[in-house]
Structures are given as structure tokens and as C-alpha cells.
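Q: Here it is, the structure in full.
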Amino acid sequence: MLNPEKLVGHTVFDEKGHPYRLAKVVGRGGQGVVFETDGSDFMVKIATAKDVVDRQELNRRYRWLLNREIDPDIRLVTPEAILAGLQTGYVMRRVKGHELLTRLLAPDPKVNFGQWFNQQTGGLRRRLLLGALIARVFDTLHLGGLAYCDLSDTNILVAKDPNLLSICLIDSDNLSISGQAQSLVLGTPLYMAPEVIAGRHQPDSLTDSYSLAVILFRLLRLGHPLIGDVVENGPPELEDRALLGEFSYIDHPDDATNRSSTTLPGEAVCSKDLSALFLRIFTIGINSRMARPTPAEWAEACLAAADNTTRCAHCSASFFPRPDQDQKNMVKCPWCGTLNAKPPMLLIRDATVDDDNKPIWARKVVGSLVLNEGQNLVVTARHVLSNKQGNDGDQIIASFRLNLDTGKTVIENKSDFNFWLAQPGKPWGTLKKRGNVEIDINGIIFFGKPTKDMTVRSGQIVRNWGG
Amino acid sequence: MQLNNFSPAQPRPMPVFLLVDTSGSMRGEKIQSVNMALRDMVASFRAVNDIRGEIQLAIITFGEEVTIAQELAPLDQLALTELEAAGKTPMGSALEFLLLMLEDKDIVLSRAYTPTVVLISDGIPTDVTRELWDKAVAGETTVADFLDWPPLNALHVSERGSKCIRLAMGIGDDANNEMLTAFVNRPGVPVIKARDARGIEEFFQWVTLSVTSRSVSKNPDMLAIPDFDDFADAEIVI
């Protein structure tokens, strides 16, 4: 194992002869040490492996990564050049304005917990959206037949500014074609799939799916799905066993032996769909690899959950509005306990036409978005186009803006097709593409013209939802 | 419940105990080097990005008296003072102190990772029997002599004492290798010997690396002793 401090001040060269003067150790991991360099936007990673065969394998891997065309949509730092000479390692770009995801997982003991969660690190909505971004990277990687293999909080960077949404994966050394991994490291214990810890399986996209779920669980709930109070307060050996799946999921519906009092309650920070995905992966998905949710399922669930957050008027924390037990028209902020007025929602349903060719809508709600006052609610293809094929899910279809004083909502049609409108006591209307209109509460908008042959999505702005 | 005041889980402590010889012979360059190396080590510990374990540090010194120069505390609660050297080498009492701390479940919690204990000395313990002292001065002690020495014996028969990871450095020709070897008492873990103060910094870097690599390793309780080859100015006894 090399003593990294001894290398500071030395100059290393890449294969093209470019020099890099190592200025400072900025990170140490199981596999290597990362240095900042003097006067350049590059960082240098030097492997700690001493064995010649290991080092040859690393160089082969760096070269494979260097020569591979990685989808530019994947936010991933990969080698830009390989070191020549005595040291095994590579040169990579420095990602500015980002920090390790670790900071979002380790509460700052010096400040109040709520302050740390909501102000310093951006709150629930930001965590959900960051979660979706992380899941999307894995979606793209897996669709490309690749597996990341070493997912952990120290391998993901997030924007430092709590108002910004940006992530980037670093330490791509273990990126492999899924199913062909001959990984030099197996991962980081807290995130490793049980079959990898047990040595029954090499990392692949299905073990990635497990690690992704643990990352998302920790990002939202700040605990570990398999580490309840019994494990947390026991000796480290218990934790090793728990990570192998020997203890039950902390939220297991029928087994309360491993409950956690130090993990944020699921109902406060997870939607129903997210809780269901976590339940699936951390119960049957522990052993049944195929039962593990896909990255796309996580991304969708995170985005949908973010659509359902509102902001507390008192402490500005982001939370899921749920009707208060006693005052059904109010929602209580779980962070400070303040009762807020129930925000209106846009409920998405399928719509078709009746025998007279008049639009009608199904009872079943397929999606919902909180309409926060004074905030532009952006409705995208993924919300309202039932047939997603060929569509970019992020394409903007409409924007909604609620004015609480007038009780009206201004809708802008940002799509390239016409909307239909149904408002109580008013004739049918249309909202032409690129146009805008002001509608009342309970008004319904049809994203397209429903016919006997074609179902479209509709959205209704309601104030009284959820009983 | 209001979540603003929620108490999340605390990371598991990863305790590091330093036993530093502060006898008169350490005065000057050696104790200076220990102070500098200590400061560097704490800085390196702070740079470790890992929330699996939280490194904690305690310092026990033995010289004029045995003192707890630093209670076991996380890095951001350390109040390090410059160590000064004077007096004899009451290492036996220091080891007894160490064992009391190791076995106190309020100091080293059950949930803590296995502690690392680091011993630095440049001489022969002065709190030994007359017979052992004479033998040591004559350079005739064996490892077995020190394994039978009550303070070390007590450490090795205690469950927590025997389990902990022990690293040792002897400085100068007067350091007793057999004693240090009996302290480490584990095949594969070398005793490091420095001719003079210059080796101290390298020893601390080695200790730092073995603690930090444990904190990021697959199993922090596993022994992870870095090769000493890269710290070539000092020499390895075993």
C-alpha cells in the first residue's frame, strides 16, 4: 500500500507526456488515492494496488474505459489519460461545484436536524429529484449493457448549492459489461447486495439495482433498510450478518424484530409507491434478484413523489401534504408541526367520449401533482401522454399557475396540439397550442381530443382531495 | 412527533488509543516529532470520507506520571495539548490504565469497532521487577519474559485487550524489542524500530494508513496492516 503523502509535490506524466504536479490528497478509497494537481482542472487517481498482475488489470480497464464511447447523457467521470511510468493510475476532470453525496447522508451534529435536512441540504423534494437523477444514470447504464459495480455515497457527487439539481458519478474504475465483471473490489459493504457479500455472485446490473435501492433509501430516510435498533446497538459483527440479509427489513409488515427508531419514518419521506418498491426489494428482493425494481421504476417513483410535495408556509420545509386527522381541510408539516391550508391538486385521469361524443373521464386517478401557490407547475409528457413510446418524457406540455386571491389557474399550452376544456357552468372550450387560458377550480383540461378510438389524459384542479 | 428534532443514528466509533512514552529520555527532538506527527495524523483522519465509522482518539502518556492526555473523543472534540517529556517509564501502569479504559463499556461502547492501540517507547519499562529490569539492562530478556509480565499478561488474557489491533514503535537503541514484540503479540504485524526521531513521522503515517484503510475497508474489524516498505527510513524488527 502506498503512502500517499510521499507523492505530494511529485510530478507524474500521462502516456502523452503531459506532466501533472500532485498538489494535495483529496480522497482516499479502498482502491486508490485522488490528488488535486497544481494549476490544472485535472485530478489524478493513483491506484494503491501493488501486485503487478492487479496493476496490469487496472491499466487494461482504464484503457477500456478511455476508448469506450460512454453515452454523454450519463453523468460519469471517466479517465481522460492514463499515467505512464511507475505509478498506476489515470487523469480525470475535476467536477466543480459538487461534493460527495456522503454529506447528504451524515447529519451535521452541530446544527438542528431539521435545519440540516431542509435548509442546508435542500429538503425532501430535492432529495427525491436527486434520487431520480441517480436512478436515471443507472437506467441508461443498464440499457447500454453496463454495470457500475461499486455504487456508494463516496462515488456520487451532488451540487453543493442546495438549490441546484445535479449529480455525477465518479470512480468509474469498476464499470463493466454486465455479467462479465471481474471486479478487483466488490463494492462498499453497506451497499453491496447480499449475494456479493456472501461471495456467491460477481457484481452485475442486478446487484447494481440493489445498491441503488440502498442509496435511495439512505438518501430519503437516513438509515439502512437492514439495520434496525438491535443491529445498530449491537457489536459490529451483528451488522455484518444484517448486511447478508439475516435480519428482517426494518419496515417488514409481519416481522417487527428489527425496527429502527433512528431512521426517518417512511410515511414522512416516501410516497406509497416508493414504500412499496422498498418493501419489494428488501423483502423478496433480498434473495430473488429478479424481483428487484429497475432503475426506471425508481426514477418514475421519485419523480412522481416529488410532484406531490408542498412547502410549509412556516418553516419552508418540503413535505407530502396529507389531510390532518382533526382538520380535514388542513395539512400538517411533519417538520415543525404547523397546520397549512390544503394545497389544490391536479388529478390526472384517463378520458374518453360518451355516445354523444362528449368527453367523459374515468374515476381512477393515475397521477397527481400538488399545485403550489405562486409556483409554476410544469406538466410534462410523462404525466399526461399515456403512450410514452417515441416521446421524451421530459418534454413540457403545459404549465399551471395558481392565483389564490382569484382562485383561478392560468394554464399555458406549451405543446404542439390543442387541449379541450370543461368548466362547471360553461360551454366546452379549446386551448390552442401556444395559447393560455384562466380556469376555475374543479375545471377539467383534456390533453388532446378524446375520441371513441383514442383515450387521452385529463387533469382536474381540485381543492378537496383525499377525504 | 416533529421531525425537526429527530435523532438519526450515530456512526459506530472506531477508537484509537495512543500510549506515548514521555519519560525524560524522550525530551527534545523525539517528543517534538511525536507532537508534529500527532497533529498530522489527526489532520489525515479528518480527511477520511466515510460514515461507516467515526474515528475517536485517546492519548495516555507515561513519564513523570501516567496521565490521560486526551480522553477518548471524536476528532471534532479533541483538545490536544503539546506533550512534554520528564521522569521514568511507568509503562506497566499505563497498560493497566489502557485495559481499564478498553474494558469500560461507557468508554468503548459495545457497538464500537475493534480499537487500535499504538505504543511508542524509547526505553525499558521502569515498573518491572528488579530481576526483569536487570535482565533487560543486560539485553537478555526474551519475548516470553514480557508475555509473563503482569500488565501485558492481563492485556492479552482480557477479551477486549487481546482482540484489539496493537501496533508498536521503538525509538533508539535502548527500546526493548522483546517487550514491544510481546505487546504486539500477533504474527504478521511488525514492530517498527526507528534509529532516531526521524522515523516517528513515518511510523505515524503508517498507523494513519492502517486506521484509515480499515475505516474504508470491506470489514473494518479485519486486520489491515499496510506494508512498511514504503516507510523505508525506519526498520522492521520482525
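Q: Where Rh denotes the Kirkwood radius from the mean inverse Cα pair distance, what is Rg over Rh for the stretch A:198-304?
A: With Rh from the inverse mean 1/r over Cα pairs, Rg/Rh is 0.95.
Q: Let me ask something else about it. Using the Karplus equation 6.51 cos²θ - 1.76 cosθ + 1.60 (θ = phi - 60°), what ³J(HN,Hα) coupling, rounded to whole Hz, does each residue of the stretch A:323-337 give in order, writing x for Gly and Pro?
A: Listing the rounded values in order: x, 5, 4, 8, 10, 5, 8, 10, 10, 9, 6, x, 7, 10, x Hz.
Q: When we measure straight from the Cα of A:K45, which aspartates and glutamates land under 13 angstrom away, once same-chain ones fewer than 8 places off are left out?
A: Within reach: A:D14, A:E36, A:E80, A:D171, A:D173.
Q: Specify the inter-centroid distance of the stretch A:6-77 and the stretch B:155-171, based on alpha-carbon positions, in whole Å.
A: 37 Å
Q: Per the Cauchy relation, a quarter of the hull surface: what is the mean projected area of the convex hull of the alpha carbons in the stretch B:94-138, in nm²?
A: Average projection, Cα convex hull of the stretch B:94-138: 4.1 nm².
Q: Can you pull the Rg over Rh of the stretch A:344-462, Cα-only, Kirkwood?
A: Rounded to two decimals, Rg/Rh equals 0.93.
Q: Which value results when the Cα radius of gyration for the stretch A:26-165 is divided by 2.2 N^0.38 Å?
A: Ratio of Cα Rg to 2.2 N^0.38 Å: 1.19.
Q: So how strong a dipole does the stretch A:344-462 carry about its Cα centre when Lys and Arg Cβ are +1 and Asp and Glu Cβ are -1, to the nearest 20 debye?
A: Result for the stretch A:344-462 is approximately 140 debye, rounded to the nearest 20.
Q: Considering the dipole of the stretch B:16-236 built from charges on the beta carbon (Lys and Arg +1, Asp and Glu -1) around the Cα centre, which of B:M41, B:I107, B:L119 is farthest to its positive end?
A: Of the options given, the answer is B:I107.
Q: Working from the alpha-carbon coordinates of the stretch A:231-355, get Rg over Rh, Rh being the Kirkwood radius.
A: Rg/Rh for the stretch A:231-355 comes to 1.07.
Q: May I ask for log10 I(q)/I(0) of the stretch A:1-93 at q = 0.20, 0.23 Å⁻¹, from a Debye sum over the Cα atoms as equal point scatterers with solvent left out?
A: For the requested q values the scattering log ratios are -0.97, -1.26.
Q: What is the diffusion coefficient of the stretch B:22-108 in µm²/s, taking the Kirkwood radius over Cα pairs and the Stokes-Einstein relation at 25 °C with a viscosity of 0.890 mPa s?
A: 174 µm²/s
Q: Could you give log10 I(q)/I(0) at q = 0.12 Å⁻¹ for chain B, computed by the Debye formula over C-alpha point scatterers of equal weight, without solvent?
A: -0.63
Q: Scattering from the C-alpha atoms of the protein assembly as shown alone, worked out with Debye: what is log10 I(q)/I(0) at q = 0.06, 0.09, 0.10 1/Å?
A: Log-scaled intensity ratios, in q order: -0.45, -0.88, -1.03.
Q: Among A:L264, A:W298, A:N340, pick out the residue whose Cα is farthest towards the positive end of the charge dipole of chain A, where Lys and Arg carry +1 and Asp and Glu carry -1 on C-beta, about the Cα centre.
A: The Cα lying farthest towards the positive end belongs to A:N340.
Q: Moving on. Once you have a ≥ b ≥ c as the square roots of the Cα gyration tensor eigenvalues for the stretch A:268-426, tell me rounded if a/c is under 1.5, and otherwise prolate or oblate according to whether a/b is larger than b/c.
A: In terms of gyration-tensor shape, oblate.
Q: State, as an integer percentage, the relative contact order of chain A based on alpha-carbon contacts under 8 Å between residues 6 or more apart.
A: In percent, rounded to a whole number, it is 9.
Q: Within the set A:K272/A:K342; A:K328/A:K452; A:K414/A:K452; A:K332/A:K433; A:K16/A:K160, which residue pairs have Cα atoms separated by over 29 Å?
A: The answer is A:K328/A:K452; A:K332/A:K433; A:K16/A:K160.
Q: Can you give the direction-averaged projected area of the convex hull of the alpha-carbon atoms in the stretch A:108-223, in nm²?
A: Mean shadow area of the hull around the Cα atoms is 7.4 nm².
Q: Okay, moving on. Using Cα pairs closer than 8 Å and at least 6 residues apart in sequence, work out the relative contact order for the stretch A:66-197, in percent.
A: Averaging sequence separation for qualifying contacts and normalising by length gives 27 percent for the stretch A:66-197.
Q: Let me ask something additional. Can you pull out the cysteines in chain A that have no other Cys Cβ under 4.7 Å?
A: For chain A, the answer is A:C149, A:C168, A:C270, A:C302, because their Cβ atoms have no other cysteine Cβ under 4.7 Å.
Q: Does the stretch B:129-215 come out rounded, prolate or oblate, given a ≥ b ≥ c as the square roots of the eigenvalues of its C-alpha gyration tensor, rounded meaning a/c under 1.5 and, failing that, prolate meaning a/b above b/c?
A: Oblate.
Q: I've got another one for you. Non-local amide H neighbours of B:A69 (under 5 Å, H modeled in plane, Pro and chain starts lacking H): which ones?
A: B:I59, B:I60, B:T61
Q: In addition: What is chain B's relative contact order, in percent, from Cα pairs under 8 angstrom and six or more apart in sequence?
A: Normalised by residue count, the contact order of chain B is 21 percent.
Q: Just how far, in whole angstrom, is the stretch A:207-228 from the stretch A:239-267 if you go by their alpha carbon centroids?
A: Value for the Cα centre distance between the two parts: 11 Å.
Q: I need the phi-derived Karplus couplings for the stretch A:164-171: 6.51 cos²θ - 1.76 cosθ + 1.60, θ = phi - 60°, integer Hz, Gly and Pro marked x.
A: Per residue, the Karplus-derived 3J(HN,Hα) values read 9, 10, 7, 9, 7, 8, 10, 6 Hz.
Q: For A:E69 and A:S40, what is the calculated FRET efficiency with R₀ set at 30 Å and r taken between the beta-carbons, to the nearest 0.05?
A: 0.75
Q: To continue, here is another question. If the only charges are +1 at each Lys and Arg Cβ and -1 at each Asp and Glu Cβ, what is the size of the charge dipole of the protein assembly as shown around the Cα centre, to the nearest 20 debye?
A: So the magnitude is around 3720 debye.
Q: Once the dipole of the stretch A:296-402 is set up with Lys and Arg at +1 and Asp and Glu at -1 on Cβ about the Cα centre, which of A:M330, A:V378, A:T309 lies farthest towards its positive end?
A: Working it through, the farthest residue towards the positive pole turns out to be A:M330.
Q: In whole Hz, with x marking every Gly and Pro, tabulate ³J(HN,Hα) for the stretch A:60-65 from phi via Karplus 6.51 cos²θ - 1.76 cosθ + 1.60, θ = phi - 60°.
A: With coefficients 6.51, -1.76 and 1.60, one gets 4, 5, 4, 5, 4, 5 Hz.
Q: Just report the Cα centroid separation between the stretch A:325-358 and the stretch B:99-137, whole Å.
A: Their Cα centres are 66 Å away from one another.
Computed from the coordinates by the stated procedures, all read-outs in this text should not be read as laboratory data. Keep in mind that this is a model prediction, so the values were computed, not measured. Virtual Cβ from ideal backbone geometry, glycine too; neighbours counted across all protein chains shown.
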